[in-house]
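Written below as structure tokens is the structure these notes are about.
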Amino acid sequence: MWYGVVLVAAIGGTGDDLPANIGEYLDRCVAQKRDHLNWAWENKDGEELRKELTTLRDDLFLAFFPRGRLRIGDIGHIRSLKVSQVVDDLNVIGEVRWSADRRYKIEGPNGAEFTKWERLEELVWIGNMSTEGMIDDASYAVPKVFEVTGTKRYPTALGGTKTVHLIEPVDMTPYVEELKKRLATVPVNVPAKALALKLTPVAKPKAKGPKESEYRTWTDASGKFSIEAALVDFRQSKAVFLKRDGTKVSVPSSKLCEKDRRWIRAEMKLRKITAPVP
């Protein structure tokens, strides 16, 4: 789960008189960075964790749009853009993708509420953004912050019309230093000893394979073909064998010789499996 991306380059000043929507967006960047740091620490190990921490420490973190559906006035970053139609040099219609928390409630009078992080998408019209190099049906990463500024109606290929949200880039240059200052309140430094323990890969126990005594020679009904393998599963009238080289082979039991089918019936009784063997 990735809550935001980075804004490369940064010039610009700060101020206490930020527009309300910009101030709210900067606070959301801080909150999502904190959430992502906690998530990375709980879910990543080894080199993956090191990369996450390095990115969070060194790059400028941008938050996605705040909810499941876009609303006029929303500000946020998008994960990617899939182009439907390049309209002209500054306008494009496409599907934008982002991630956001969505709240759900379990049905019933005492249903609990919970939050789920989801990847979302919506068809939009993007205006005032260079479309140089873009082509229809291609996907692009767009390292910009956008604001939903209104709606746009356009004619469709079938002769009708469609109305979608209009989003336009926000110039974040004047607010970069203020964003850096606020992001710095979320420390990424982890105690060296704890980090060393976290970055040490834990050896996973090897899965137990069949015992040597479980390997036997299996023959088909014609008597012409045979394999040496262990029976590891039986489902939907098929026997699943594991060969010594680790390859799994699924064979309809009806294709096996009568002797092997009797062996499977007896084995299934021992394993208390009730599926019928033809």
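The values are calculated or read from the model by the stated rules, or taken from the named source; none is laboratory data. Being a predicted model, the structure only gives us computed values, none of them experimental. As a convention, Cβ positions derive from the backbone with ideal geometry for all residues, glycine included, and neighbour counts pool all protein chains shown.
Only residues that are closer than 18 Å to THR185 by Cβ, part of a helix (DSSP H, G or I) and either over 16 Å from the mean Cα position of the chain (by Cα) or not assigned by TED's automatic domain parsing to the domain that holds PRO187 (or both) were counted in region 36-59, giving 8. For region 153-170, the criterion of being at pLDDT 90 or above and under 19 Å from LYS33 (Cβ atoms) is satisfied by at least one residue.
Taken over region 140-157, the criterion of being surrounded by 12 or more Cβ atoms within 10 Å (Cβ to Cβ) and either within 13 Å of ILE93 (Cα to Cα) or not small (Gly, Ala, Ser) (or both) is satisfied by TYR140, VAL142, PRO143, LYS144, VAL145, PHE146, GLU147, VAL148, THR149, THR151, LYS152, TYR154.
Identify all residues within region 226-253 that are farther than 13 Å from ILE264 by Cβ and surrounded by 11 or more Cβ atoms within 10 Å (Cβ to Cβ); write none if there are none.
Looking only at region 226-253, we keep the residues that are farther than 13 Å from ILE264 by Cβ, and these are 226-228, 236, 242-250.
Scanning region 226-253 gives SER226, ILE227, GLU228, LEU242, LYS243, ARG244, LYS248, VAL249, SER250.
Pairs are defined by a Cβ separation below 9 Å, a sequence spacing of at least 6 or placement on different chains, a first member in region 173-188 that is over 24 Å from TRP39 (Cβ atoms), and a second member that is surrounded by 17 or more Cβ atoms within 10 Å (Cβ to Cβ); the pairs so defined are PRO174/ILE22; TYR175/ILE22; TYR175/TYR25; TYR175/LEU26; VAL176/LEU7; VAL176/LEU60; GLU178/ILE22; GLU178/LEU26. Would you check if LYS193 is part of a helix (DSSP H, G or I) and modelled with pLDDT of 85 or more? So LYS193 does not fit the description; no. Scanning region 149-190 for residues that are in contact with a Gly (Cβ under 7 Å, 6 or more places away or on another chain) and not in a helix (DSSP H, G or I) yields LEU166, GLU168. Looking only at residues of region 158-173 that are surrounded by 10 or more Cβ atoms within 10 Å (Cβ to Cβ) and of a type in the set (A, V, I, L, M, F, W, C), we find that the one that is farthest from TRP98 (Cα to Cα) is MET172. Note on region 240-259: residues that are of a type in the set (Lys, Arg) and assigned to a strand (DSSP E or B) amount to 2.
For ARG97, are the conditions met, namely being assigned to a strand (DSSP E or B) and either at pLDDT below 90 or assigned by TED's automatic domain parsing to the domain that holds LEU166 (or both)? It is true that ARG97 is assigned to a strand (DSSP E or B) and either at pLDDT below 90 or assigned by TED's automatic domain parsing to the domain that holds LEU166 (or both).
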